[in-house]
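*Asks:* The following block contains the structure, expressed as C-alpha cells.
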Amino acid sequence: MELNSVKEADVLIAGAGPSGLALACDLARRGVRALVVEQAASLFPGSRGKGIQPRTREVLDDLGVGEAVREHGGPAPVGMTWKDGERQGAYDMFRRAAPTGAEPYGEPWMMPQWRTQEILLARLRELGGDVLFSAALTGLSQDGDGVTARLTTGAVQAAYLVAADGGRSTVRRALGITMEGETVDPSPTLVADVRIAEAALDRADWHIFLGETGLLTLCPLPGTADFQLVAQIREGMPDTTPEGVRALVAARTHLGEDDVTEVRWSSDFRPRAALADRFREGRVFLVGDAAHVHSPAGGQGLNTSVQDAYNLGWKLGQVLLHGAPATLLDTYEQERRPVAAEMLGLSTRIHRGEQERGTAAQQLGLGYREGPLASGRAGLLEAGDRAPDGPAGEGRRLFDAFRGPHFTLLAVGTDAPFPACGGTLLHTLRTEAAEAYGNGLFLVRPDGYVGWAGEDTSGLAAYAGRLGLDLDFA
C-alpha cells in the first residue's frame, strides 16, 4: 500500500501485531476506514505468543478466521520431563476439558504468533484493508477534532489513533504515559524457533529439561516443522546467534549441536509484568503490550491483547458511524484495565509456581459485571457476563447468530416483543431453550458479552440509546 493513497483515516493503528491486526479486521468489517502502519518491513517472524486460549478462539471465530486457526494449529502437547538423557514422565501443564454446548473450545490451542498474524493479515486484505510496512511513527499531535501522526513516510490525519506498537511503545512514550511494573524473573530468557533432526527428538511431547543452570523447553509448533526453544539464562547474557543457540541446546539436553539443523529466529527478554497507568489520552488509545506487558507463563499476553482490540473495535464503530456518544469510548479503559491487571497477576503467579494453569487461564470467566455498560440480570446471567454458546434452532448455534459486527437481542422462553431498529445493527433471535441462559431477554454486545438483561423490555430502549442503537417498540 502506498501512503499517498490514504492521507486520512478514521482510525490509524500503529503496529501490525496480533492486537493491531485484530482491531483492523474488526473495524474493516464495520466499514470504518482504518490504516495500519508498521515500522518493520514485514510481519514479526517468531513464534513468541504461541498459546491461544478458548476465549480468544471464540473471538477469532467471530472475526472470520476460526477455520484457519483450526487448520493451522493444534492442541498443546503434554509435557515430558527429561533428566540425564532419560524420560522421567509426562506432565500436563494445562486444564483440558471436552467442548460443551456453552463452551465450544475446551483447551488451549497452539499456533506460532507469526502464523496468527499471517491469518489476520489475510483476513484484513479480504475485507479490503492492508498494512503499510516500513512506516515508523516519529511524532504525533492531537486536538478536539483528531490526531496528526508523523511517519517516516509522511503524515496521516485520523479521528483516532490506536497504539498497538508493543511494550516499548513509541506512542505511549510520546504521550508521557507511565508503565509501572516489576521484574518477574531476574534471569534473562532466550526464545528461538529451531528445527531438530527427526531422529533426535519426537514431536509428540513438549520436552522439558530441568537442571542447575535453569529450565529449557522444546515445544513442537503445530502446523510447522519447528520447535519453540525457551531457556532460562542464569549466568551471563544469552547468545542468540545460531552457534550460541546450538551450543546451549547441546549443553543442557542430550541433543548434539548437529541435531539443531536450523535456527530460524531467536531473541531474548527479561520476564516482567507492567501496566500502563491509563489506556487513553484524548483521542489516542493503548492496546496490547503497549498497555500491559506479561510474563509468557500461562499464555495471557497475546490473548489479553486481542481481546483489548475486540472491546475497542465495536465502540469506535458505534461512535464513528452510528451516532453513539463519544463517552462510550471512556468505557474501553474502564472495562479493560481491570481485566489486564487481573491477567498480569495470574501470569506472574504461574511464572513463580504459585498457581497452576487452570480455568482462569482460559479467560472464559472474564466479564464486565462491575463495568459501566452492565445493566440488569435475567435467568442465569447477569449483564457483563460472557454470552454462552448454545442451540439456536434449525441446526444453528448461538455463536452463528452472534457472528458479525451487529448486536443480538436474544429472547429465551419469553414472548416479549422485539423492537424495530434501522439498518443491520441489531439481529433478533427467539428460542425456547438456551440452557446456559435461563428465561429472559439478553442484549448481546458485538464482542460477545451481555450488555443488558431483563425479564421484559423495560429500560432496554434507553440503555440501547447509550450505545448508538435506536430501538422502536411502537
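*Asks:* According to a simple spin-label model (label point 7 Å from Cα along Cα-to-Cβ), what is the distance in nm between residue 102 and residue 254?
*Replies:* Simple spin-label model gives 4.6 nm for this pair.
*Asks:* How much length, in nm to one decimal, is gained on full extension between residue 87 and residue 225, taken as 0.36 nm per residue of separation minus their Cα-Cα distance?
*Replies:* 47.5 nm
*Asks:* Quick one: if the Förster radius is 22 Å, what FRET efficiency do residue 122 and residue 400 give, using the C-beta to C-beta distance and rounding to 0.05?
*Replies:* Rounded to the nearest 0.05, the efficiency is 0.50.
*Asks:* Here is a further query. Give me the number: length gained by fully extending residue 277 to residue 148, i.e. 0.36 nm times residue separation minus the C-alpha to C-alpha distance, one decimal in nm.
*Replies:* 44.1 nm
*Asks:* Quick one, which of (1) 23.0, 76; (2) 25.5, 92; (3) 21.8, 77 is the actual Rg and Dmax of the Cα atoms in Å calculated for this model?
*Replies:* Checked against the structure: label (1).
*Asks:* Using the beta-carbon distance between residue 157 and residue 322 and R0 = 25 Å, what value does 1/(1 + (r/R0)^6) give for FRET efficiency, to the nearest 0.05?
*Replies:* With a Förster radius of 25 Å, E is 0.70.
*Asks:* If I model a spin label at residue 173 and residue 415 as a point 7 Å from the Cα along the Cα→Cβ vector, what separation in nanometres do I get?
*Replies:* Result for the modelled spin labels: 6.5 nm.
*Asks:* Which of the peptides 159-166, 402-409, 207-214, 18-25 is most tightly packed, and how do the rest follow, going by the mean number of other Cβ atoms within 10 Å of each residue?
*Replies:* 18-25, 159-166, 402-409, 207-214
*Asks:* To continue, here is another question. Does anything in the range 230-246 have its amide N under 20 Å from the 7 Å Cα→Cβ label point of residue 197, and if so which residues?
*Replies:* 242-246
*Asks:* If you don't mind, there's one more thing I want to ask. Stretched out fully, how many nm does the piece from residue 261 to residue 424 gain, at 0.36 nm a residue minus the Cα gap?
*Replies:* Contour length minus the Cα-Cα distance gives 53.3 nm.
*Asks:* Still on this structure, I have one more. What's the ranking of 391-398, 170-177 by average number of surrounding C-beta atoms within 10 Å, highest first?
*Replies:* 170-177, 391-398
*Asks:* How far apart, in nm, are the 7 Å Cα→Cβ label points at residue 7 and residue 237?
*Replies:* If labels sit at residue 7 and residue 237, their model points lie 4.5 nm apart.
*Asks:* Something else about it: Quick check for you: with a 1.4 Å probe and neighbouring chains kept, what is the accessible area per residue of the chain, in Å²?
*Replies:* 40
*Asks:* Restricting to the chain, compute how many DSSP beta bridges are antiparallel as a %, nearest 5.
*Replies:* The antiparallel proportion sits near 70 percent.
*Asks:* Considering only C-alpha atoms, what is the centroid distance from the range 218-287 to the range 38-60, in Å?
*Replies:* Taking the Cα centre of the range 38-60 as reference, the centre of the range 218-287 is 15 Å away.
The values are calculated or read from the model by the stated rules, or taken from the named source; none is laboratory data. None of these values were measured; they are calculated from a predicted model. Positions of Cβ are generated from backbone atoms using ideal geometry, with glycine treated the same way; all protein chains shown enter the neighbour counts. Just the protein is used for accessible areas: all its heavy atoms, side chains included, with ligands, DNA and RNA removed. Shrake-Rupley method; radii C 1.70, N 1.55, O 1.52, S 1.80 Å.
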